[in-house]
Amino acid sequence: MDQGGEPKTEPKTSSAAAPGHLGWDTSELQSHRCTVATVSVIREKIVLNFGAKLARDPRAGEVAVELLQRTALTPLTAKHLLAMLQRLIAEHDARSPPSAEPRAGL
């Protein structure tokens, strides 16, 4: 089980996007429930930050977030990730009933 109470599962990859079979080493795997994600560009890398909200201070207008993982991708890898996410989200939306619009911001 991960820290969010979900069972650990290996990531699914698209056979069209993945070269051959990928053997995932999960010996150091840690799973987290991500509630905040940001993206930035540093030089020639796309940087993904994944975190979890800790608390909100309405007076300061600030949300405290625990940074769980920071990953730098090449532009090509980011494009492959984008294509896989778009396909998987489209498949999910086709199977699922419509839900409320996602909240703006965090």
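Computed from the coordinates by the stated procedures, all read-outs in this text should not be read as laboratory data. Note that the coordinates shown come from a computational prediction; the quantities given were computed from them, not determined experimentally. Quick reminder, even Gly has a Cβ in these numbers, built from the backbone with ideal geometry, and neighbours come from all protein chains shown.
Classified by the C-alpha gyration tensor, region 36-94 has an oblate form. Its axis ratio a/c, with a ≥ b ≥ c, is 1.5 or above, and a/b does not exceed b/c. One decimal place: the segment Trp24-Lys45 gains 5.2 nm when fully extended, by the rule 0.36 nm per residue minus the C-alpha distance. At full extension, Ala94 and Ala37 could sit 18.1 nm farther apart than now, given 0.36 nm per residue minus the alpha carbon distance.
Relative contact order for region 36-94: 28 percent, from Cα pairs under 8 Å spaced at least 6 residues apart, divided by residue count.
By the count of other C-beta atoms within 10 Å, a proxy for reagent exposure, Leu68, Leu85 are ordered fewest to most as Leu85, Leu68.
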